[in-house]
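Remarks on the structure that follows.
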Amino acid sequence: MDQIVIFDTTLRDGEQSPGCSMNLKEKIEVARCLEKMKVDVIEAGFAISSPGDFESVKTIAGAVKDCSVASLARANVKDIDTAWDAVKEAADPRIHLFIATSPLHMEYKLKMTPEEVLEAASTMTAHAKKYCSNIEFSAEDATRSDWDFLVRVVDAAIRAGATTVNIPDTVGYTTPAEMRELIEYLRKNVPDSDKAIFSVHCHNDLGLATANSLAGVLGGARQIECTVNGLGERAGNTALEEVVMAMRTRPQVYPFSTRIDSTQISRASRTVYNIIGQSAPLNKPIVGRNAFAHEAGIHQHGVLANKQTYEILTPESLGIQTNNIVLGKHSGKHAVEDRLRSLGYNLTKDELLACFEEFKILCDKKKNITDADLEAIAEHRAVSQLEAEENGYKLNWFSVHTSNFTTATCTVSLEKDGEKYEDVCLGDGPIDAAFNAIDKIIRPAEHTFDIYNIHSVSEGKDTLGDVTIKLMSEGKTYTGKGLSTDVIEASITAYIKAVNKLCAATEAKEG
């Protein structure tokens with residue numbers, strides 16, 4: 001079976017999507033998940049776009065050992081030089097340069113003639129080749145380009161040293177039949193097409209990203225560019241989990257392999273969603289909560305008789321455990337550690353101790369602790385460490401009074417750097433009152449609520465409440481997450497974490 005290279009751009013194209021920005025620690029955490037999942041290439045960022053992006057690309061390049069690490073660069077000397085400075089310490093560095101080739105982009109965005117674009121593609125690819133052998137060239141908006149001109153550009157890039165040639169559907173415009181035909185046409189008409197791997201990078205504006213990527217592979221492409229959970233600009237990119245599992249589930253149609261460890265897919269998906277403060281849509285293919293749920297009686301009957309009647313994938317193949325164990329307050333640290341390890345969490349002693357303490361606290365509130373509860377504890381502990389919450393305010397205690405005939409009141413006690421701060425406030429309900437009291441203490445910059453979500457981790461009235469809050473201030477988002485059997489406590493914790501990030505950003509800007 002031909003092996004397909006999986007090029008993950010979650011940390012570049014995915015992170016560019018509104019509300020999905022990540023800090024350095026969060027990017028490193030995602031990169032570790034990608035390496036553990038065995039993606040072939042991690043596009044760590046666009047090095048020249050900002051000092052922060054340069055630092056994250058450079059740090060990931062030095063930390064990742066089992067994947068190639070790439071940086072995006074426009075087809076100019078400064079971009080390429082900066083990209084190389086960022087990735088040069090990687091085990092297998094890649095420079096990924098691009099230039100637009102469609103008439104629309106050349107005239108209105110680049111303000112360049114086709115001949116100028118052709119010259120830039122050739123000379124800048126050759127410039128990148130001076131640094132390393134692993135060079136990828138992308139013809140932006142390729143699917144709206146003139147095919148004969150595209151042949152000339154691709155030929156020039158390969159002659160100049162490109163080892164991978166990417167044919168992006170930048171605006172999600174093409175269809176599966178067209179994508180396959182385009183890849184076949186290029187491979188047939190580019191003289192040295194056998195000297196480079198052809199790649200597809202499809203956006204999901206018409207909901208065809210996965211189908212178009214698979215069609216490109218049938219046409220001869222051997223690299224798919226994708227993101228975890230399909231994150232990306234506008235409607236997103238090809239979802240890694242979808243193309244990988246489509247090829248694995250239908251080998252008769254797609255006789256290709258990847259080196260992806262699919263049991264890490266669920267973990268990577270949760271990690272990315274937690275970091276960006278979102279959750280999977282219920283009906284999201286592969287990783288959505290309903291992906292293995294059956295409500296219709298006919299479906300339930302079939303699944304009980306034989307799972308294959310209505311399930312073409314197994315939860316276990318994605319790292320989802322189906323045997324919900326029961327742990328309680330008499331369970332020891334070793335039992336908890338063993339279960340977390342079987343769920344895919346390899347924790348340090350300090351991390352395990354922190355999770356075990358959270359577990360014991362939860363045991364006093366719930367009778368039975370499920371796998372979902374343990375996963376939520378581990379994920380929230382990881383997010384809390386990334387947020388470095390010790391540098392901001394922490395919840396000490398709170399007290400609320402509310403009813404359906406009086407105005408809600410909340411008293412909040414916060415702690416920072418050993419000092420305690422208390423205030424009380426009214427509000428339209430206990431959550432509003434609590435947030436008002438927190439605002440009186442911390443006095444954050446002006447902001448609005450972009451997202452306030454509450455969902456249950458497991459079943460039952462004593463379930464953990466998982467709260468996600470996203471604040472918007474001056475065009476940037478700040479995320480906080482909280483976890484508790486008390487949804488008011490979870491909401492307060494999430495709000496404090498989001499406000500801490502907002503205040504840190506404000507102080508950095510003023511300083």
Lys/Arg Cβ at +1, Asp/Glu Cβ at -1, dipole of the chain taken about the Cα centre: which of A508, S269, F449 is farthest positive-ward?
S269
From the mean inverse distance of alpha carbon pairs (Kirkwood) and the Cα radius of gyration, derive Rg over Rh for the stretch 409-511.
0.99
What residues qualify as long-range amide H neighbours of S458, i.e. H under 5 Å apart, gap of 5 or more or another chain, H built at 1.01 Å from N?
L464
Too long for a 20 Å Cα-Cα cut-off, among K394/K461; K129/K195; K36/K130, are K394/K461; K36/K130
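What is the magnitude of the charge dipole of the chain about its Cα centre, with +1 placed on the Cβ of each Lys and Arg, -1 on the Cβ of each Asp and Glu, and no other charges, expressed in debye to the nearest 20?
Details: 55 positive and 74 negative charges, 181 e Å.
Here the chain has a charge dipole of around 860 debye.
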For the stretch 37-185, what is the per residue volume of the convex hull drawn over the alpha-carbon atoms, in cubic angstrom?
117
Between 0 and 90°, nearest 10: helix 176-189 axis offset from the chain longest Cα axis:
40
Per residue, what volume in Å³ does the Cα convex hull of the stretch 222-291 take up?
103
What number results when the radius of gyration of the stretch 426-471, computed over Cα atoms, is divided by 2.2 N^0.38 Å?
1.40
Rounded to two decimals, the Rg over Rh value of the stretch 1-123 from Cα coordinates and the Kirkwood Rh reads 1.02
What list of ³J(HN,Hα) values in whole Hz, one per residue of the stretch 419-436 in order, does the Karplus curve 6.51 cos²θ - 1.76 cosθ + 1.60 (θ = phi - 60°) give from phi, with Gly and Pro shown as x?
9, 10, 10, 10, 7, 10, 8, 8, x, 7, x, x, 5, 4, 4, 5, 5, 5
Could you give P(r) for the chain, binned at 20 Å from zero, as whole percent values over all Cα-Cα pairs?
21, 50, 26, 3
Relative to the first principal axis of the alpha-carbon coordinates of the chain, what is the inclination of helix 209-218, with its axis defined by its Cα atoms, in degrees from 0 to 90 and to the nearest 10?
40
Using all Cα-Cα distances in the stretch 181-270, what percent lands in each 10 angstrom bin from 0 up to the longest?
17, 45, 31, 7, 0
Straight-distance crosslink candidates among aspartates and glutamates, where the alpha carbon sits under 16 Å from K111 and sequence neighbours closer than 8 are dropped:
E119, E140, D141
Taking every C-alpha to C-alpha distance in the stretch 1-64 and binning by 5 Å from 0, the per-bin percentages run 4, 18, 31, 25, 12, 5, 3, 1, 0
Sorted by average packing, counted as other Cβ atoms within 10 angstrom per residue and highest first, what order do 226-234, 2-10 take?
226-234, 2-10
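Just the C-alpha atoms of the stretch 50-105: what Rg/Rh do they give, with Rh taken as the Kirkwood radius?
Numbers: Rg = 12.4 Å, Rh = 11.7 Å.
Here the Rg-to-Rh quotient is 1.06.
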extent check for the stretch 107-252: Cα max minus min per principal axis, descending, whole Å, gives 41, 33, 28
Per residue accessible area in Å² of the chain, where ligands, DNA and RNA are left out and the probe is 1.4 Å
45
What is the percent of Cα-Cα separations in the stretch 141-188 that go past 16 Å?
35
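Once the convex hull of the alpha carbons of the stretch 217-259 is built, what does its volume come to per residue, in cubic angstrom?
Numbers: hull volume 3.5 nm³, N = 43.
That works out to 81 Å³ per residue.
The values are calculated or read from the model by the stated rules, or taken from the named source; none is laboratory data. What you see is a predicted model, and the numbers here were worked out from it, not measured in a lab. All Cβ positions, even for glycine, are placed from backbone atoms using ideal geometry, and neighbour counts span all protein chains on display. Please note that ligands, DNA and RNA were not included when accessible areas were found on the heavy atoms of the full protein model with its side chains. Shrake-Rupley method; radii C 1.70, N 1.55, O 1.52, S 1.80 Å.
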